[in-house]
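Below: the structure, in structure tokens.
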Amino acid sequence: MTAPQHSPETYTQWDLGATRWEWRDAFRIMGIVNTTPDSFSDGGEFLDPDRAVEHALKLVSDGADLLDVGGESTRPGSDTVSVKVELERVIPVIERLRPLTEVPISIDTTKAEVALQALDAGANIVNDISGLTFDPGMSAVCARAGAGVICMHIQGTPKTMQESPHYTDVVSEVAAWLAARLDALEQAGIPRERVVLDPGIGFGKTARHNLELMWGLPRLVELGRPVLIGHSRKRFLGKLLGRPVEERSAGTLGVSIALIERGAHLLRVHDVRAVRDALTAWKIVTTGRFPSDCRGDMPCD
């Protein structure tokens with residue numbers, strides 16, 4: 001596949017309605033706010049809206065650049081929930097969060113009606129694991145609202161995606177699919193400048209597929225849009241390290257550093273403070289640039 005031609009700015013700008021993000025040489029961190037009883041890692045912990053809001057604000061204080069609020073588990077084998085249930089889980093959280101933080105809020109959904117009401121409640125971004133393909137009304141909702149969009153690749157559905165994932169060349173196939181979705185979204189009224197791409201780690205991929213996608217990140221960056229990776233505590237880390245989900249934080253940190261080094265722009269994680277600290281320390285050491293200010297009680301010199 002021939003790489004499209006883009007100016008350097010196209011990789012580092014993301015339009016979120018009235019707001020424009022610019023990466024330059026920085027990284028950004030998305031904090032996960034699951035308002036579900038059955039998510040693979042923290043299911044049930046933040047089902048209560050008050051606890052979800054408290055958790056979200058802690059993620060912001062820990063250094064989250066944006067928050068991703070979801071009301072439907074997409075773990076392997078999961079069933080979909082109704083629009084009504086999903087709305088009951090996410091809208092109270094977004095409504096309460098919006099006046100409490102200026103951090104952009106993402107709604108993690110595949111349903112156009114949920115996206116519409118979440119955007120009306122104050123969300124800025126739609127994070128759709130189907131790349132805006134499951135619901136035919138999703139593109140129109142995002143186009144009219146001027147929302148930022150996270151377009152993710154998935155093979156199958158959450159219910160079926162891990163039954164028998166198959167690719168001839170996973171990097172080329174995922175890159176081609178994402179490129180086609182960029183074209184389709186543009187034709188639907190969503191400019192490329194509003195889209196971030198996500199190869200969908202763990203969504204219809206084996207552990208080897210996931211690793212190949214991470215090794216092949218530069219190919220995805222060549223598509224000319226910022227790339228988000230959601231790897232936090234996922235099953236492939238269990239395959240690599242032999243650790244249960246509650247013991248995958250260290251593995252998540254190691255992969256986070258490798259991903260930013262290979263060109264990822266945005267990481268979706270549970271452990272925001274630990275990931276930010278690890279990446280900040282790594283960047284200072286690798287760039288040789290001393291920070292302009294020092295944190296904590298230690299002097300800078």
Exercise. Being open to solvent by less than 10 Å² (accessible area, probe 1.4 Å) and out of contact with any Gly (no Cβ under 7 Å at 6 or more places or on another chain), is that true of even one residue in region 232-247?
Worked result: yes
Exercise. Quick one: is Leu213 over 21 Å from Ile32 (Cα atoms), open to solvent by less than 40 Å² (accessible area, probe 1.4 Å) and in a loop (DSSP other than H, G, I, E, B)?
Worked result: no
Problem set entry | Scan of region 67-81 for residues that are without any contact (Cβ under 8 Å) to a residue 60 or more places away in the chain and under 18 Å from the mean Cα position of the chain (by Cα), ordered by number | Leu67, Val69, Gly70, Gly71, Glu72
Seminar exercise, completed: Residue hits (region 146-172; exposed (fewer than 15 other Cβ atoms within 10 Å of the Cβ) and either part of a loop (DSSP other than H, G, I, E, B) or not hydroxyl-bearing (Ser, Thr, Tyr) (or both)) are Gly156, Lys159, Thr160, Glu163, Ser164, His166, Thr168, Asp169
Problem set entry | Single match in Phe46, Phe27, Phe40 (criterion: open to solvent by 10 Å² or more (accessible area, probe 1.4 Å), at pLDDT below 95 and in contact with a Lys or Arg (Cβ under 6 Å, 6 or more places away or on another chain)) | Phe40
Seminar exercise, completed: Here the qualifying pairs (Cβ atoms under 6 Å; residues six or more apart or on different chains; first in region 143-157 and over 22 Å from Lys205 (Cβ atoms) and in contact (Cβ under 8 Å) with a residue 60 or more places away in the chain; second hydroxyl-bearing (Ser, Thr, Tyr) and open to solvent by 10 Å² or more (accessible area, probe 1.4 Å)) come out as none
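Residue by residue, here is whether (1) open to solvent by 10 Å² or more (accessible area, probe 1.4 Å); (2) part of a helix (DSSP H, G or I) holds:
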| position | (1), (2) |
| --- | --- |
| Gly189 | yes, no |
| Gly200 | no, no |
| Gly204 | no, no |
| His209 | yes, yes |
| Ser256 | no, yes |
| Gly263 | yes, no |
| Ala274 | yes, yes |
Exercise. Taking Arg75, is it at pLDDT 95 or above and either touching a His at 6+ places or on another chain (Cβ under 8 Å) or of a type in the set (D, E, K, R) (or both)?
Worked result: no
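The values are calculated or read from the model by the stated rules, or taken from the named source; none is laboratory data. As the structure is a computational prediction, the values presented were derived from the model and not from experiment. Note that each Cβ is placed from the backbone with ideal geometry, even for glycine, and that neighbours are counted across all protein chains shown. Side chains are part of the model used for accessible areas, which takes the heavy atoms of the whole protein and leaves out ligands, DNA and RNA. Shrake-Rupley method; radii C 1.70, N 1.55, O 1.52, S 1.80 Å.
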